[in-house]
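The structure appears below as structure tokens.
The values are calculated or read from the model by the stated rules, or taken from the named source; none is laboratory data. Values in this document were obtained by computation on a predicted structure and should not be read as measured data. Please note: Cβ atoms are built from the backbone with ideal geometry, for glycine as well, and neighbour counts cover all protein chains shown.
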Amino acid sequence: MLRKLIATAALIGMSATAAFAHSTLEVTEAHVGASYKAVIRVPHGCEGKPTIAVRVQVPEGMIAAKPMPKPGWTVEKIKGAYEKSYDYFGTPMKDGVKEIVWKGGSLADDEYDEFVFRAFVTDSLPVGNSIYVPIVQECTDGATERWIEIPAAGKSSDDLEFPAPGIKLLEKKSGH
């Protein structure tokens, strides 16, 4: 009986660890019509190999993205056209940063780090829904961790094997 209880507890512990063993966002809610600071938490490398690049796709409706420089890493801003034009404090924006890549550094598998960018969450996004930030970790020897799966509309990311971190969209703050 005790052996079965210990085995069950170990399985529960392993499941909880697996659920948190991927790249996540520190803050998982954002107000539409406001700036959002995305802090991407990278808890490990790829199956024992160090992370040498972190690629982040900026979701449609998040505009004017600006990455925070990171000592020891170079940052690349990949720009492109938005699906539509957005109003950014009275200025129409039709294109901007769509992907951010930090590379050239090395994050050992047994180390933790954070990668940060700011963006404006447009008020054209539907309050109550979530947007997702796909993240790919590139590691030595071609290994990768791809946190890119986005749940179907109305579904939870709980059943996905490699879920992209989500941001729940909140109402615009009053006075903005």
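If you scan the range 141-176, which residues turn out to be part of a helix (DSSP H, G or I) and exposed (fewer than 14 other Cβ atoms within 10 Å of the Cβ)?
Asp141, Gly142, Asp158, Asp159
Starting from the range 155-173, take each residue that is closer than 14 Å to Gly61 by Cα and list its partners that are charged (D, E, K, R) and exposed (fewer than 11 other Cβ atoms within 10 Å of the Cβ), counting only C-beta distances under 8 angstrom and pairs at least six apart or across chains.
Every condition considered, no pair remains.
Residue by residue through the range 114-167, note down the ones that are acidic (Asp, Glu) and out of contact with any Gly (no Cβ under 9 Å at 6 or more places or on another chain).
Glu114, Glu138, Asp141, Glu149, Asp158, Asp159, Glu161
Answer with yes or no whether Glu114 is part of a strand (DSSP E or B), of a type outside the set (Gly, Ala, Ser) and modelled with pLDDT of 95 or more.
yes
For the range 43-66, which positions are modelled with pLDDT of 95 or more, within 13 Å of Ile135 (Cβ to Cβ) and part of a strand (DSSP E or B)?
Thr51, Ala53, Val54, Arg55, Val56, Gln57
Considering each of Val101, Val116, Val127, Val97 in turn, give the residue that is of a type outside the set (S, T, N, Q), over 11 Å from Ala64 (Cβ atoms) and crowded, with 18+ Cβ neighbours inside 10 Å.
Going through Val101, Val116, Val127, Val97 in turn, just one is of a type outside the set (S, T, N, Q), over 11 Å from Ala64 (Cβ atoms) and crowded, with 18+ Cβ neighbours inside 10 Å: Val101.
List the pairs whose first member sits in the range 80-94 and is within 13 Å of Leu125 (Cβ to Cβ) and surrounded by 10 or more Cβ atoms within 10 Å (Cβ to Cβ), whose second member is modelled with pLDDT of 95 or more and of a type in the set (Ser, Thr, Tyr), and whose Cβ atoms are under 6 Å apart, counting only residues at least 6 apart or on separate chains?
Tyr86/Thr122
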